[in-house]
Structure formats: C-alpha cells, structure tokens
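Novice: Have a look at this one before I ask anything.
The values are calculated or read from the model by the stated rules, or taken from the named source; none is laboratory data. Quick caveat: nothing in here was measured; it's all calculated off a predicted structure. Because the Cβ atoms are built from the backbone with ideal geometry, glycine has one as well, and the counts that use them run over all protein chains shown. Only protein heavy atoms, including side chains, enter the accessible area calculation; ligands, DNA and RNA are left aside. Shrake-Rupley method; radii C 1.70, N 1.55, O 1.52, S 1.80 Å.
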Amino acid sequence: MVSRVIPVDPFDLVVFGGTGDLARRKILPALFRRFCAGQMPETARIIGAARSDMSDASYTQMVADALREFSPGAQSHADRLRDFLGVISYVRIDAMGEAGWAELTQKITSVDRVEAYYFSVAPSLFGPLAERLQGHGLADRNARIVVEKPFGRDLETAKALNATLARYFDETQIYRIDHYLGKETVQNLMAVRFGNMLFEPLWNSQFVDHIQITVAETVGVGGRGEYYDRAGAMRDMVQNHLMQLLCLIAMEPPARFDPDAVRDEKLKVIRALEPVEPHHIVRGQYNADPDDADTYPDYRTAVGNPRSRTESFVALKTHIANWRWAGTPFYLRTGKRMRERSSEISIVFKETPHSIFAEDAGRHRNVLSIKLQPNEGITLGVTIKEPGPGGMRLIDVPLDMTFAEALGPDGGETVDAYERLIMDVIRGNQTLFMRGDEVEAAWDWTDPIIQGWTDRGDVPKPYDSLSDGPDASAQLLVRDKREWRKI
Ligand code: NAP
C-alpha cells in the first residue's frame, strides 16, 4: 500500500533540551524519518538548544550518533542522513539566563515561516522559556510551543503553569503533548467508532458489560528513580495516558473531527468521572527479581528510598456518571515490572440475553480489543460453531484487524507517535494535543485519590516482579464476577 505524504510548510523548529535523552531517542529520529519520507521541506531548519558548549559541527555529530543508535535504518540512508544533518544547527542557550538569546533571535528572522519551540527540558523551565521567548520577540503569531509531560503535579501547579503560559501565548499556540494520542491505533479507535455503523449503536451501558484499560511495562524505574518516586503511577500514567484513552472510548461523537469539537467531548467525560472509592483502588510496589536482584532490585532500592510509599502499580474501578455509561464499570491498571509489555483497551460486551443452545455448548462474550503495544491492531472476538461433527459447540474466534496483515507488510505505514505529533504541530492541528482545561479537569479527579492515600497513611502492596501486580488487583474484578484480560 502506498501512503500519501503531504509535505508541510517551511518551518524553524527549536528543540530546547536538544542534547537530552528525549531529543536523542525520540524527537530527532522522528524528524529524520519525516525528512526521509519527503514530508519535511529541505528549507526547514532544526535548531538544537541547550547549555552545553557545542559547535554546530559537534552538535551535528551528536545528532548523527543518536540517529545511528535510535533510528534503525539511518545507516542505509547515507544520502538522506547527510542532507538531514545539513538542516541542523545549535545554539548554546540558558533558559534561566540571558546567554544565547540574542543569537537565537537572529536565527529566527523570517516572518513567513512556522516557528515551533519544543520544550524538551525539565518542567521547572517551561515557564522561564515561555517568558524569555516573549521577552525576545519570539512569541509572535507564527510561534507555537510544544510542552512535554509532566504538566504539573496536581491541580494547583497545573493551573499555575497554564496561567504562566497564557501570559505569553494564546491557547491555540500551546501544544501539550501526550504521545499516546499520536499512536496509529488510538486514532483508529476514533475511525472504528465513528466511521462504522456497526459499533456506535452498541457503545453504551445497555450492551457493554465493562471496559478495561491496561498499560503494563516489564521495565522498572530505571534511571528515572528520583523523578518517579516523586510522581508514582497515578501521576505518571493514569492522570494523562490512561485518562486520554478513557476519554476517546467514552466520549460522545463530536460534531466534527476538529480540535475543539473533539476536546470539548473529552472534557465532558473527565468532568463526569465519579470519585474513586478507597476500596476500588489498589496500589503496589514491585519486588526484586528473585534470580537477579542486583540487576532488577525491588522498587524501594531502585529509587534509593527505603521508606518510599510511592506506587509503581495502580489498578482502579471508576464510573462515568452520564446517560451513556451509567452502570458500566471502567477498570484501569498500569504498572512497572509486569509480566509483559502490553497496552490494551478491551470493550467487553454483555452476553446474549438468552442462549438457545444447550448449556454445554459454551457461551462467550464479544470483546473488541484495541492493542497499542507491542503490536498495534484491533481484534473482535466473535462466537461461532466449532467446526466438525459433535453437535453445537460454540467457540470464540478473533476477527483480526492487525494492521501489518490487513494493510501490507508495512501495516500501511508505521509512523511513530512523535513523527505524527510533531508534523501536526507544524500543520497547526491541535486535535491530538491536550487543552489546558482538560489537563486541569484530569488533576481535579486525580488529586483527591492521591490526597486520600496520604491522609490514610496508605502503604502500597508488594507484588512479584514480572507478575500481574498485587493479588488485590485481581480481587477488584473477582468481587464483581469479572476478571482481567490476560496480559
Ligand atoms: P534530560 O535528558 O535531562 O535533558 C534535559 C535537557 O535540558 C538537556 O538537553 C539539557 O542540556 C537541557 N537543559 C537543562 N537545563 C537547561 C537550561 N537552564 N537551559 C537550557 N537547556 C537546559 O531530560 P529528558 O529525559 O530529555 O526530558 C526532557 C523533558 O521531556 C522533561 O520534561 C521530561 O519530563 C519529558 N519527557 C521525557 C521522556 C523521556 O523518555 N526521556 C518521556 C516523556 C517526557 P544542558 O545540560 O546542556 O543544558
């Protein structure tokens, strides 16, 4: 299948934190791939910006090394790599001081180009960067800023950050990134829901028994221990990524596929979320790997805090108080050091109201499962007769819409979330970015949960490395005569 690549307009993209981990692993490789795909005009300019003392040549060398490491195939595109490196330069700049701003201002002179400023730096620098961009005349109407996560650590800090950014930029210029929204399957979720007649009539509490969202990782906290211990799974994953997935599943059909129409509907979902009862939420901390505790220590050792009460796992049940979803539970879980790396949304439909078959024929529920990783795809479990003699026995078979199989060896075209989202920034399309009020509403729902843990002195339950999390997580569903889908 040949995919259509529509080139974007000429742009200048300044990557603040251009020497950092995210820039090297994700942002620069994403730009390189779009360059190779012919989507980036050769007149585009990418400017790395950080405090390190580097020349254009040494920065370009660092980018080349990063691409070799993180962009498989860069080697085989030697010509394209050379051309791509030709659009890259570096400015030594301090987000907290005055060094480098005059040089950056000189580089960004053109009036008829998109100017994008990617804040790939620590969140404490988001405000100072916005202020300095404005102070140096760079916050003009062609400018847009891309703000990384975390966006605040509670409602108060998120509000303060929104207010700071709003002092210098209009909301239409602010792109709060959540890379989950850039995933092909997440957008396909909207295509499946709103492009087919089949699903939408069934998409409500009358036909859906419950919904599960799982984002499981096998890795531990790695080198992010200090940050993670201050955040925990609730702040790091649920408030943003899982919440965004929940919104896309639960929202009403927007009138149009445009940024505000979609984000208005998502906001209504968040505002309709019921508070979570303390006995409907389970927290956990992973144990050491019994066979290799040096390489895979327990959570508290990994973060260097022997008394930590931060969760590396959370599972919860919530409800959405509106006509469509009243009575349908949403179960969410996410954790580190779990059995498999797997992100999946499952819409579990109700059983047929009456079975006409003998009891031993078996009975199955239809499950629509949307897999985000490791392999993106959508399957629908359908009940059919087991082939062959022996009477009517029912089995569950998947109708598989795995993109790689349905759309050719490339799965159409596998575009990384960062590729799509950065190009959306240049195109000026905010549909897949979070609006300020959405982020605040999400914190408004999350804060009392976290505050409740503190007030009750809640201690996370230990769980085995490479497991499904604490037993209490399984019980959360067993109590409701349900079970988690296998990860
Ligand atoms: P990092 O590796 O620590 O990089 C930080 C960057 O900021 C470096 O380039 C650093 O370069 C620069 N910097 C620090 N202080 C500066 C200053 N005063 N002025 C200008 N530049 C400054 O961090 P990261 O992992 O790339 O993360 C960047 C942002 O992305 C953070 O907000 C993080 O939460 C978010 N994020 C990261 C990941 C990830 O996988 N890494 C995933 C999701 C979100 P110098 O020291 O040379 O100045």
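Novice: Would you please name the residue that is farthest from Tyr168 (Cα to Cα), looking only at residues in the stretch 128-137 that are away from the ligand (no atom under 12 Å from the Cβ) and open to solvent by less than 40 Å² (accessible area, probe 1.4 Å)?
Specialist: Leu133
Novice: Just one of Lys371, Lys317 is touching a residue at least 60 places away in the same chain (Cβ under 8 Å), in a strand (DSSP E or B) and open to solvent by 30 Å² or more (accessible area, probe 1.4 Å); which is it?
Specialist: Of the residues listed, the single one that is touching a residue at least 60 places away in the same chain (Cβ under 8 Å), in a strand (DSSP E or B) and open to solvent by 30 Å² or more (accessible area, probe 1.4 Å) is Lys371.
Novice: Pairs please, first residue from the stretch 224-236 and of a type in the set (Phe, Trp, Tyr), second anywhere and away from the ligand (no atom under 11 Å from the Cβ) and modelled with pLDDT of 95 or more, Cβ atoms under 8 Å, 6+ apart in sequence or on different chains.
Specialist: Tyr228/Val221; Tyr228/Val303; Tyr228/Thr310; Tyr228/Ser312
Novice: Search the stretch 207-227 for residues being small (Gly, Ala, Ser) and in a helix (DSSP H, G or I), and hand back the single one that is least open to solvent (accessible area, probe 1.4 Å).
Specialist: Gly225
Novice: Right, another one. Which pairs turn up if I take residues in the stretch 22-44 that are more than 16 Å from the ligand (Cβ to nearest atom) and look for partners that are among the acidic types (Asp, Glu) with beta carbon separation below 6 Å, at least 6 apart in sequence or on another chain?
Specialist: Here the result reads Arg33/Glu419; Arg34/Glu419, each pair linking the stretch 22-44 to a residue that is among the acidic types (Asp, Glu).
Novice: Can you confirm whether Leu13 is within 24 Å of Thr109 (Cα to Cα), touching a residue at least 40 places away in the same chain (Cβ under 8 Å), part of a helix (DSSP H, G or I) and within 16 Å of the ligand (Cβ to nearest atom)?
Specialist: Criteria not met by Leu13.
Novice: May I pose another question? Give just the number: which of (1) touching a strand residue (DSSP E or B) at 6+ places or on another chain (Cβ under 9 Å); (2) outside any loop (DSSP other than H, G, I, E, B); (3) closer than 22 Å to Ala417 by Cβ; (4) not hydroxyl-bearing (Ser, Thr, Tyr) does Val8 not satisfy?
Specialist: (2)
Novice: With more than 14 Å from the ligand (Cβ to nearest atom) and open to solvent by 10 Å² or more (accessible area, probe 1.4 Å) as the only criterion, which of Glu115, Glu171, Glu148 stands out?
Specialist: Glu171
Novice: Among the candidates Met197, Met243, which residue alone is open to solvent by less than 10 Å² (accessible area, probe 1.4 Å) and either away from the ligand (no atom under 14 Å from the Cβ) or not in a helix (DSSP H, G or I) (or both)?
Specialist: Met243
Novice: Considering the stretch 97-112 alone, what residues qualify as being within 13 Å of the ligand (Cβ to nearest atom) and within 33 Å of the chain's Cα centre (by Cα)?
Specialist: Hits for the stretch 97-112 are Gly97, Gly100, Trp101, Leu104.
Novice: Given Asp94, Asp140, which one is free of Cβ contacts under 8 Å to residues at least 60 places away in the same chain and either more than 10 Å from the ligand (Cβ to nearest atom) or closer than 26 Å to Met40 by Cα (or both)?
Specialist: Asp140
Novice: A further question on this structure: Collect the residues in the stretch 279-307 that are under 30 Å from Ala326 (Cα atoms) and surrounded by 12 or more Cβ atoms within 10 Å (Cβ to Cβ), keeping them in residue-number order.
Specialist: His280, Ile281, Val282, Arg283, Gly284
Rundown of residues vs (1) modelled with pLDDT under 95; (2) under 24 Å from Gly223 (Cβ atoms); (3) open to solvent by 10 Å² or more (accessible area, probe 1.4 Å), yes/no style:
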| position | (1), (2), (3) |
| --- | --- |
| Arg4 | yes, no, yes |
| Pro10 | yes, no, yes |
| Phe16 | no, yes, no |
| Leu28 | no, yes, no |
| Ile46 | no, no, no |
| Asp56 | no, no, yes |
| Ala64 | no, yes, no |
| Val91 | no, no, no |
| Trp101 | no, no, no |
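Novice: So which residues in the stretch 90-105 are assigned to a loop (DSSP other than H, G, I, E, B) and of a type in the set (Val, Ile, Thr), if there are any at all?
Specialist: Ile93
Novice: Can you confirm whether Ala166 is at pLDDT 95 or above, away from the ligand (no atom under 15 Å from the Cβ) and in a helix (DSSP H, G or I)?
Specialist: Against the criterion (at pLDDT 95 or above, away from the ligand (no atom under 15 Å from the Cβ) and in a helix (DSSP H, G or I)), Ala166 qualifies.
Novice: Identify, from the list Arg230, Arg271, the residue that is within 16 Å of the ligand (Cβ to nearest atom), open to solvent by 30 Å² or more (accessible area, probe 1.4 Å) and assigned to a helix (DSSP H, G or I).
Specialist: Of the residues listed, the single one that is within 16 Å of the ligand (Cβ to nearest atom), open to solvent by 30 Å² or more (accessible area, probe 1.4 Å) and assigned to a helix (DSSP H, G or I) is Arg230.
Novice: Next question, about the same structure. Return yes when Ile320 is more than 20 Å from Trp445 (Cα to Cα) and of a type in the set (A, V, I, L, M) and no when it is not.
Specialist: No.
Novice: Still on this model: Return the total of residues in the stretch 407-434 being on the phi > 0 side of the Ramachandran plot and either surrounded by 21 or more Cβ atoms within 10 Å (Cβ to Cβ) or modelled with pLDDT of 60 or more (or both).
Specialist: 1
Novice: Within the stretch 320-347, restricting attention to residues that are of a type in the set (A, V, I, L, M, F, W, C) and surrounded by fewer than 20 Cβ atoms within 10 Å (Cβ to Cβ), which residue is nearest to the chain's Cα centre (by Cα)?
Specialist: Step by step, filter the stretch 320-347, then rank; the result is Ala321.
Novice: Let me ask something additional. Tell me the residue from Met392, Met401 that is under 23 Å from Leu242 (Cα atoms), touching a helix residue (DSSP H, G or I) at 6+ places or on another chain (Cβ under 9 Å) and at pLDDT below 95, please.
Specialist: That would be Met401, the only listed residue that is under 23 Å from Leu242 (Cα atoms), touching a helix residue (DSSP H, G or I) at 6+ places or on another chain (Cβ under 9 Å) and at pLDDT below 95.
Novice: For His179, only one of the following conditions fails: (1) farther than 18 Å from Arg435 by Cβ; (2) open to solvent by 50 Å² or more (accessible area, probe 1.4 Å); (3) within 16 Å of the ligand (Cβ to nearest atom). What is its number?
Specialist: (1)
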